[in-house]
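The values are calculated or read from the model by the stated rules, or taken from the named source; none is laboratory data. Just so it is clear, the structure is predicted and the values come from calculations on it, not from any experiment. Ideal geometry is used to build each Cβ from the backbone, glycine not excepted, and the neighbour counts take in all protein chains shown. Heads up: the accessible areas ignore ligands, DNA and RNA and are worked out on the full protein's heavy atoms, side chains in. Shrake-Rupley method; radii C 1.70, N 1.55, O 1.52, S 1.80 Å.
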Amino acid sequence: MTPFDLRSLLRPELAELQPYLPHTGHYEIRLDANEAPPMLSQEALERLSQAAAATSWHRYPDATQEELRRAIAQRCGARPEEVLVGVGSDELITLLLTVLTRPKAPASEAVVLTATPTFVMYRSSARARGLRVAEVPLDSDWDLDEEASLRALEEADPNVVFLASPNNPTGTMITPARLARFVEAARRALVVVDEAYVDYADRDQLALLRQYDNVAILRTLSKVGFAALRVGWLLGRPDLVAELDKARLPYNIPSPCQSLAALALTELSGEIDATCRAVVTERRRLEEAVGALPGIRLANSQANFLWLETERGAGELWDALRRHGILVRSFHARGGRLAHCLRVTIGTREENDAFLAAFRETLER
């Protein structure tokens with residue numbers, strides 16, 4: 001009998017990929033995953049429990065997600081037919097990379113363009129589907145390098161462009177004029193502006209959606225206190241949403257997640273807003289304290305985390321913080337400029353104070 005040869009069936013691109021896994025182990029303080037701190041009121045927690053208890057467990061979820069899409073549209077100033085809901089932003093990224101991948105002649109494969117460093121799922125999801133990825137390094141201020149991006153746009157002729165603003169891991173936003181000029185130039189591509197962290201920013205980029213027909217916006221509940229629900233959404237023109245919806249798996253959002261997300265976006269929206277205000281206040285306080293430390297340069301964060309460039313190696317500092325029971329995110333393994341970069345999520349005031357004390361002690365050694 002001929003043995004089954006699994007490798008002969010696998011996409012060759014999988015050989016370069018690794019599963020996306022968070023850092024394991026127990027830490028007293030975790031400031032590594034950009035989750036919001038636990039700030040929901042007792043009343044909100046009770047209301048969420050009541051809504052979850054009303055689930056019809058024997059029924060499939062609403063395949064049209066009607067109530068949730070209405071709630072999202074109301075919060076974002078959109079129409080329900082402009083909303084597509086996914087399992088976090090990740091599912092929506094994979095849908096875009098499944099649907100919008102017809103190769104442009106004479107190329108034999110579609111191209112995805114993005115910046116670097118940025119959210120890793122743009123690249124990994126594209127490569128897992130056999131797509132070519134072109135990456136443009138951010139400039140010295142972690143902003144979009146306009147000249148290099150326009151050149152890459154012309155040379156690569158991508159199907160899809162992913163631009164996170166605020167960006168992960170840097171927290172920076174793209175200068176509005178740069179972004180508008182890029183979108184103007186990218187008429188042969190869909191430009192996806194990922195606003196996962198926009199609730200912590202001074203502005204959003206929704207106006208681009210009305211001004212240009214080649215723009216879509218990604219948002220999520222994961223960063224504003226409801227990561228457990230895994231609910232994200234895309235805002236786009238109805239024709240784009242309709243085509244993406246053809247590839248969406250049926251019943252992709254469970255019933256309790258739909259009802260709780262709709263509740264969070266409507267009746268409990270004030271809780272989200274209060275969480276974001278508190279995090280921004282803490283971010284500013286921590287920025288002032290960390291920025292005063294020797295050998296530290298801070299990016300202008302518009303997200304719920306700080307991006308630190310350090311004179312000392314990030315790996316050394318990350319390991320020292322771990323010994324204090326504090327986990328942050330280090331990018332030292334990627335080398336180059338990132339070998340001196342840490343990302344620190346804004347936690348509770350007590351967690352932030354503990355991080356600050358441990359970081360000061362580490363830098364003084």
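Rounded if a/c is under 1.5, else prolate if a/b beats b/c, else oblate: with a ≥ b ≥ c from the C-alpha gyration tensor eigenvalues square-rooted, which is segment 1-70? The shape class here is oblate.
Using the Cβ-Cβ distance between Glu66 and Arg322 with R0 = 45 Å, the FRET efficiency computed as 1/(1 + (r/R0)^6) comes to roughly 0.45. Solvent-accessible area of segment 226-353 (1.4 angstrom probe, protein heavy atoms only): carbon and sulfur portion equals 53 percent.
For segment 168-273, what is the accessible area per residue in Å² when the probe is 1.4 Å?
Values: 3880 Å² over 106 residues.
Result: 37 Å² of accessible area for each residue.
Each principal axis of the Cα atoms in the chain has its own extent, and those three values, largest first, are 61, 57, 52 angstrom.
Only four residue types carry charge here, +1 at the Cβ of Lys and Arg and -1 at the Cβ of Asp and Glu. Report the dipole size of the chain about the Cα centre in Debye, rounded to the nearest 20. The partial results should precede the final answer.
Values: 43 positive and 51 negative charges, 115 e Å.
My answer is approximately 560 debye.
What translational diffusion coefficient, in µm²/s and rounded to a whole number, does the Stokes-Einstein relation yield for segment 124-221 at 10 °C and a viscosity of 1.306 mPa s, taking the hydrodynamic radius as the Kirkwood radius over Cα pairs? Please list the in-between numbers first.
Values: Rh = 13.9 Å.
Stokes-Einstein gives a translational diffusion coefficient of 114 µm²/s.
Each Cα pair of segment 169-214 feeds into the Kirkwood radius, which the Stokes-Einstein equation turns, at 4 °C and 1.567 mPa s, into a diffusion coefficient of 113 µm²/s. The ellipsoid that matches the Cα gyration tensor of segment 212-252 has semi-axes, each √(5λ) in whole angstrom, of 22, 15, 5, with the longest given first. Modelled spin labels at Ser140 and Leu17, positioned 7 Å past Cα toward Cβ, are 3.7 nm from each other.
So for each of 348-357, 303-312, 196-205, 53-62 I average, over its residues, the number of other beta carbons within 10 Å; can you give me the resulting order with the highest mean first?
303-312, 196-205, 348-357, 53-62
Per residue, the convex hull around the alpha carbon atoms of segment 182-339 comes to 183 Å³.
How large a share of the accessible area of segment 84-160, in percent, is made up of carbon and sulfur atoms when the probe is 1.4 Å and the other protein chains stay in place? Before the final figure, lay out each step's value.
Numbers: 1580 of 3140 Å².
So the carbon and sulfur contribution to the accessible surface is 50 percent.
A simple spin-label model places the labels of Asp353 and Ala52 3.0 nm from each other, with each point 7 Å out along Cα-to-Cβ.
In segment 182-248, the C-alpha radius of gyration followed by the widest Cα-Cα span (Dmax) gives 13.1, 38 angstrom. Could you tell me which of rounded, prolate or oblate describes segment 138-191, using a ≥ b ≥ c as the square roots of the eigenvalues of the alpha-carbon gyration tensor, with rounded for a/c under 1.5 and, failing that, prolate when a/b is larger than b/c and oblate otherwise? The shape class here is prolate.
Accessible surface calculations at 1.4 Å, restricted to protein heavy atoms, place segment 1-127 at 62 Å² per residue.
Only Cα pairs under 8 Å and 6+ residues apart enter the sum, and on that basis the relative contact order of segment 63-197 stands at 21 percent. When the P(r) of segment 289-365 is calculated, the portion above 14 Å amounts to 59% of the C-alpha pairs. Does segment 1-154 classify as rounded, prolate or oblate by the C-alpha gyration tensor (a ≥ b ≥ c root eigenvalues; a/c under 1.5 gives rounded; else a/b over b/c gives prolate, otherwise oblate)? In terms of gyration-tensor shape, prolate.
In plain terms, the chain from Lys104 to Arg79 could stretch by 5.8 nm, reckoned as 0.36 nm per residue minus the Cα-Cα distance.
The modelled label-to-label distance between Lys246 and Ala33, using points 7 Å beyond Cα along the C-beta direction, is 3.7 nm. Which residues among segment 307-348 fall inside the zone where the amide N is under 12 Å from a point 7 Å beyond the Cα of Leu363, along Cα→Cβ? Within reach of a label on Leu363, which here means backbone N under 12 Å from a point 7 Å along Cα→Cβ, segment 307-348 contributes 308-312.
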